[in-house]
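Peer 1: To start, I am sharing the structure in question, which I have written as structure tokens.
The values are calculated or read from the model by the stated rules, or taken from the named source; none is laboratory data. Being a predicted model, the structure only gives us computed values, none of them experimental. Here the Cβ is made from the backbone with ideal geometry for all residues, glycine too, and neighbour counts use every protein chain on show. These accessible areas exclude ligands, DNA and RNA; they are computed on the full protein's heavy atoms, side chains included. Shrake-Rupley method; radii C 1.70, N 1.55, O 1.52, S 1.80 Å.
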Amino acid sequence: MEAGMKSEMFREEDMEDCYDESPPERQIMVGICAMMKKSKSKPMTEILERLCKFDYIDMVIFPEEVILEEPVEKWPLCDCLISFHSKGFPLDKAVEYAKLRNPLLINDLNMQYFIQDRREVYRILQEEGIDLPRYAVLNRDPDKPEECNLVEAEDHVEVNGEVFPKPFVEKPVCAEDHNVYIYYPTSAGGGSQRLFRKIGSRSSVYSPETNVRKTGSYIYEEFMPTDGTDVKVYTVGPDYAHAEARKSPALDGKVERDSEGKEIRYPVMLTAMEKLVARKVCLAFKQTVCGFDLLRANGHSYVCDVNGFSFVKNSMKYYDDCAKVLGNMVMRELAPQFHIPWSIPLEAEDIPIVPTTSGTMMELRCVIAIIRHGDRTPKQKMKMEVRHPLFFELFEKYGGYKSGKLKLKKPKQLQEVLDIARLLLAELGQHNDCEIEEKKSKLEQLKTVLEMYGHFSGINRKVQLTYLRNGQPKASSEEEDCKKDGPSLLLVLKWGGELTPAGRVQAEELGRAFRCMYPGGQGDYAGFPGCGLLRLHSTYRHDLKIYASDEGRVQMTAAAFAKGLLALEGELTPILVQMVKSANMNGLLDSDSDSLTDCQQKVKARLHEIMQKGQEFTEEDYRKLAPTDSPSLVNSMKVIQDPVQTCDKVYALIQSLNSQIRKRLENPKSADLQLYHSETLELMLQRWSKLERDFRMKNGRYDISKIPDIYDCVKYDSQHNASVGLQDTLELFRLSRALADIVIPQEYGISKAEKLDIAQAYCVPLMKKIQLDLQRTHEDEAVNKLHPLYSRGVMSPGRHVRTRLYFTSESHVHSLLSVFRYGGLLDEEKDQQWKQAMDYLSAVTELNYMTQIVIMLYEDNNKDPSSEERFHVELHFSPGVKGCDDEENVPLGFGFRPASSENQDKKPNQGSLEDLSQDQRDEALPLSEPINIQRRSPMIRNRKTGSMEVLSETSPTQASKGSTSHRLLPSSSRQSPEIKPTSGLGFEGCSMVPSIYPLETLHNSLSLKQVDEFLSKVCESSSEAHAKTMKALSGLFDSQSQTSLYSPQQPLSSSGSETSLRPPSQPLWHGSVPSSVPSSAVSSAGPSSPITESSGMNLSFSE
């Protein structure tokens, strides 16, 4: 029977060689006992073909009908059994057969019962001391009610006393059930992601459902913040493991497939620790062939699932290795008893293939970008004094008396405020003479704003309550003077300022354009440009971290950017939770607007004084207000001439705007007109009438600090609500813009010294972080690398790029730019390129949404590693989104950008950009080359490595002139995606998405040493001036126990433990001072490490 079955099973010609030699006395029989779908699968067939090549091994595949219908006594005989459970497989019969025949088991059968139950899997992993996520089991078992305690709150669950804050994961206890749900916190937008067995190209879907499932038993575990990739590990025995990365199904649920429709996976190198884990898993579950899932997060690797028997799909090398390992294992165990001569062949060590590049190729090593958030709705706030006992109860309930202040952001809390407002309004409606002091109009506004979106999400509204012991001191423009004594609460409602749909599109487009800065950004890989980055990322050679301040609009911008950068799809919430780290703990990207420095107070006072003069600007005013002679300022001052007159005009225009809106409201046709982003005319009127009230103070003078808000509102309405057709918005836009162009930049300092001083107060932590990012680049050893043997398709397996993206608000972008401009990085007199860059910057009027400051570090592998020329830094800048009528006053003609006549003869040059011209738009190309000398070194596509690198054609002597290989990102042509072809002013459409200016090169031949010394100098000078802020920071630092510095749970990192990256000569921050940082600055270096939300205040300085 066996022989017949064998010929039936193996008719394929290429198996013939199994039977060519005359068989010896005894063959070793290997039986395959599994469901047909598995035993006939492609990987199994490939491996069995190879296993047959062992002289003494023969195969028998048990037919499925025999397994299902025949008793085990009638099953074929074998010496070695490969048998594993899958859907429909009778595991009990297989166990019975093994007892009867006692073959060598490749995968233990009894353990396969455990693998079907996630509780057992986790228990075994825990006993073996393998890292796994913190978890708790909820058993809904009527016999054991004590194992079923579930308390569900809005942003966490409590399972049998153990608390899991969102995001957390909910897994059915049965391992065959793939419906795993991830629940997101309201601060990220709430809802949940539902994972399932792949259907077509979907593996998960986002759902607004926020409540956990109420039937069935589940494991609840903390969500591990990986960077959007999962690692699948396949063992063949304890000493062999193959690992692949694939996109995490939780990210957007879209399965990446290649041209043949297979899921794209990338081979990955396991670290020594991970190899040990693979060994432990293989032995603990007694499964020679075993697949399991690893999550790389916080510098550790956690096992989150063990799947039992599984093969790698379509990897020839794995098929060879697997057959070799299994064959040797069978021979080692069984050859002696069959007296077959056998000795295990020794394997030659795998030799890593490292391609070299020739010519003066520079390799991109690090990209650091500081980016302002995208287009937002106008920020608004309303203040009211409240005295109702219900408000005091609320204040007490959330612990407001501890500090006298309270911030309410959570939906549940906002709901309570809304309930109070509704209650008071209802009482007011019933009888007017009752004891309620709160003003009806204010209560109504409170109610309207809180009801605005139909649902709460902590991203777009907050209520602050402040305790006033004797009521509110001075009557502001809105209050009457009939006030009672006694304590009251000041309620400040803030809303608006959220990312608009246009802002999302801008961020996503920019992310897409950013892809083209990376090597291999061309070509057609899975059908989209910029695949070089996508490959780098999923092969773990792209070490990406995205940080955002804790404002909703900034976080959402970061998530939308990540979506474009990594070609993701779907909702932003899952992307936000996995990819964006919040860096709000330590002033890295946030600034407390309440704590302005003395210098800033003084500057504001001086600014107000100059802007309140009722006469035309004099020479002296020009000197006072524009000591830096910045053209953009001088131009605005010329437009304004007399600041008070201009304010009068602005005020009159606002009044006319309000009366126009009121007229619209009276007209029943337009009263319920839907404005952009679900705003109503009513709300628009509230916005503008509040500005009208606040701008002109009681004493008839103007409140200059309202100018940015006026500009903000008119900019918003002229872009998004042009369809309303209000008159004179353009004139209001022009005047308020001229005022804002003076007020906004000058609030960050008037003289160079002040600008620098204020800038340092904002961004020293960020500069220290940038300095670290640049220094870290040469020590890439511990980073997760790609397996060199599999990198045939990936041209240069050694390449490792670090990307750090910092999303923040206007203040940080202004400050950082001030530091580069006035901190003395280069001498304008001596450096022509820098002078042109400075002229360009001073002509930029506004740092609009999506402004970018980009620092790129290249390595020249041909230079001596210790020489200054080895690392090369470039500085790029873009003023962000184009304004409504920017076309005519784009900074031009300062000698940094070729004139249009030159653009004509530049067109042919595109041919030399080879593939670039095909998938990129050309209209923006001329903008991308600020300096003409550099046209001589266009980008060259290096055929051999298949990646974008650039040949420098200039001799070293010229390098000093700033004409070294001008590697302006290919993205420069791509980065101005003219998203909608609306005309210059863009007032036709109801709302349009303006395009973004391409990056301009400020300088492209800085050495790393120069930049490093500059950053040290700037941070050092500030650390003396700001001893008090340092004190505050070190206070924050010391309050954490020292142990947390070296705590094992490091903040998220795609690159494994980054702490180990620093060479021994550069010690960890705490306690010992690296040479590059003065001791005075060390205390602040601590807190500049961003901290993840999940790990609380856990300041390990891994990054």
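Peer 1: Do we have LYS171 as open to solvent by less than 30 Å² (accessible area, probe 1.4 Å) and in contact with a His (Cβ under 7 Å, 6 or more places away or on another chain) here?
Peer 2: Working: open to solvent by less than 30 Å² (accessible area, probe 1.4 Å): yes; in contact with a His (Cβ under 7 Å, 6 or more places away or on another chain): no.
Spelling it out, it is not the case that LYS171 is open to solvent by less than 30 Å² (accessible area, probe 1.4 Å) and in contact with a His (Cβ under 7 Å, 6 or more places away or on another chain).
Peer 1: Mind listing just one residue for me: the one in region 571-608 that is more than 31 Å from the chain's Cα centre (by Cα) and of a type in the set (A, V, I, L, M, F, W, C) and, of those, modelled with the lowest pLDDT?
Peer 2: CYS599
Peer 1: Pairs, please: C-beta under 6 Å, at least 6 apart or cross-chain, first residue under 20 Å from PHE84 (Cα atoms) and in region 300-327, second among the charged types (D, E, K, R)?
Peer 2: Cβ pairs passing all conditions: ASP305/ASP293; TYR319/GLU46; ALA323/ARG50.
Peer 1: Being in contact (Cβ under 8 Å) with a residue 60 or more places away in the chain and over 24 Å from LYS74 (Cα atoms) is the filter here; which residues of region 50-62 pass it? Please lay out each step first, then the result.
Peer 2: Let us first name the residues in region 50-62 that are in contact (Cβ under 8 Å) with a residue 60 or more places away in the chain, namely 50-51, 53-54, 56-57.
Within region 50-62, ARG50, LEU51, LYS53, PHE54, TYR56 meet the criteria.
Peer 1: Of these, LEU774, LEU730, LEU766, LEU726, which one is over 24 Å from ASP642 (Cβ atoms), open to solvent by 10 Å² or more (accessible area, probe 1.4 Å) and touching a residue at least 40 places away in the same chain (Cβ under 8 Å)?
Peer 2: Details: LEU774 fails: open to solvent by 10 Å² or more (accessible area, probe 1.4 Å); LEU730 fails: over 24 Å from ASP642 (Cβ atoms); LEU766 fails: open to solvent by 10 Å² or more (accessible area, probe 1.4 Å).
One residue alone meets the criteria, LEU726.
Peer 1: Can you confirm whether region 889-903 contains a residue that is open to solvent by less than 60 Å² (accessible area, probe 1.4 Å), at pLDDT below 85, part of a loop (DSSP other than H, G, I, E, B) and among the polar types (S, T, N, Q)? Quick ask: steps written out before the conclusion?
Peer 2: The initial filter retains those residues of region 889-903 that are open to solvent by less than 60 Å² (accessible area, probe 1.4 Å), namely 890-891, 895-899, 902-903.
Then keep just the ones that are at pLDDT below 85; that gives 890-891, 895-899, 902-903.
Going one step further and asking which of them are part of a loop (DSSP other than H, G, I, E, B), we end up with 890-891, 895-899.
Restricting the remaining residues to those that are among the polar types (S, T, N, Q) gives none.
No - not one qualifying residue is present in region 889-903.
Peer 1: Then there is this: Would you mind stating whether GLU8 is open to solvent by 40 Å² or more (accessible area, probe 1.4 Å), modelled with pLDDT under 90 and part of a helix (DSSP H, G or I)?
Peer 2: Working: open to solvent by 40 Å² or more (accessible area, probe 1.4 Å): yes; modelled with pLDDT under 90: yes; part of a helix (DSSP H, G or I): yes.
Answer is yes for this residue.
Peer 1: Tell me, which residue of region 708-723 that is over 12 Å from ILE654 (Cα atoms) and either more than 33 Å from the chain's Cα centre (by Cα) or of a type in the set (A, V, I, L, M) (or both) is most open to solvent (accessible area, probe 1.4 Å)?
Peer 2: Among those that are over 12 Å from ILE654 (Cα atoms) and either more than 33 Å from the chain's Cα centre (by Cα) or of a type in the set (A, V, I, L, M) (or both), it is SER723.
Peer 1: Within region 230-247, is even one residue at pLDDT 80 or above, open to solvent by 50 Å² or more (accessible area, probe 1.4 Å) and either more than 30 Å from ILE82 (Cα to Cα) or in a strand (DSSP E or B) (or both)?
Peer 2: Looking only at region 230-247, we keep the residues that are at pLDDT 80 or above, and these are 230-247.
Cutting the leftovers down to open to solvent by 50 Å² or more (accessible area, probe 1.4 Å) gives us 239.
Adding the requirement that they be either more than 30 Å from ILE82 (Cα to Cα) or in a strand (DSSP E or B) (or both) leaves none.
No.
Peer 1: Within the group LEU826, LEU841, LEU847, which residue is modelled with pLDDT of 90 or more, more than 22 Å from VAL634 (Cα to Cα), touching a helix residue (DSSP H, G or I) at 6+ places or on another chain (Cβ under 7 Å) and not basic (Lys, Arg)?
Peer 2: LEU826
Peer 1: Let me ask something else about it. I need the full set of residues from region 446-469 which are at pLDDT below 85 and farther than 24 Å from THR186 by Cα, in order please.
Peer 2: ARG469
Peer 1: Quick one: would you say ASP252 is within 28 Å of LYS581 (Cα to Cα), part of a loop (DSSP other than H, G, I, E, B) and among the acidic types (Asp, Glu)?
Peer 2: Working: within 28 Å of LYS581 (Cα to Cα): yes; part of a loop (DSSP other than H, G, I, E, B): yes; among the acidic types (Asp, Glu): yes.
The answer is yes for ASP252.
Peer 1: Looking at region 297-318, which of its residues are over 24 Å from ASN110 (Cα atoms), open to solvent by less than 40 Å² (accessible area, probe 1.4 Å), out of contact with any Pro (no Cβ under 7 Å at 6 or more places or on another chain) and not small (Gly, Ala, Ser)?
Peer 2: So the first thing to find is which residues in region 297-318 are over 24 Å from ASN110 (Cα atoms), and the list is 297-302, 313-318.
The next check asks that each one be open to solvent by less than 40 Å² (accessible area, probe 1.4 Å); those that pass are 297-299, 301-302, 315, 318.
Those left that are additionally out of contact with any Pro (no Cβ under 7 Å at 6 or more places or on another chain): 299, 301, 315, 318.
TYR318, the sole residue that qualifies.
Peer 1: Looking only at residues that are charged (D, E, K, R) and surrounded by fewer than 16 Cβ atoms within 10 Å (Cβ to Cβ) in region 384-397, which one is nearest to the chain's Cα centre (by Cα)?
Peer 2: LYS397
Peer 1: Which of the numbered conditions does LYS214 fail, given that it passes all the others? Conditions: (1) touching a Ser or Thr at 6+ places or on another chain (Cβ under 9 Å); (2) open to solvent by 60 Å² or more (accessible area, probe 1.4 Å); (3) part of a loop (DSSP other than H, G, I, E, B).
Peer 2: (1)
Peer 1: Would you check which residues across region 181-205 are open to solvent by less than 20 Å² (accessible area, probe 1.4 Å) and within 30 Å of SER259 (Cβ to Cβ) and list them?
Peer 2: Across region 181-205, the qualifying residues are GLN193, SER203, SER204.
Peer 1: Looking at ALA136, ALA175, ALA98, can you tell me which residue is more than 19 Å from GLY291 (Cα to Cα) and touching a residue at least 24 places away in the same chain (Cβ under 8 Å)?
Peer 2: Details: ALA175 fails: more than 19 Å from GLY291 (Cα to Cα); ALA98 fails: touching a residue at least 24 places away in the same chain (Cβ under 8 Å).
So the residue among ALA136, ALA175, ALA98 that is more than 19 Å from GLY291 (Cα to Cα) and touching a residue at least 24 places away in the same chain (Cβ under 8 Å) is ALA136.
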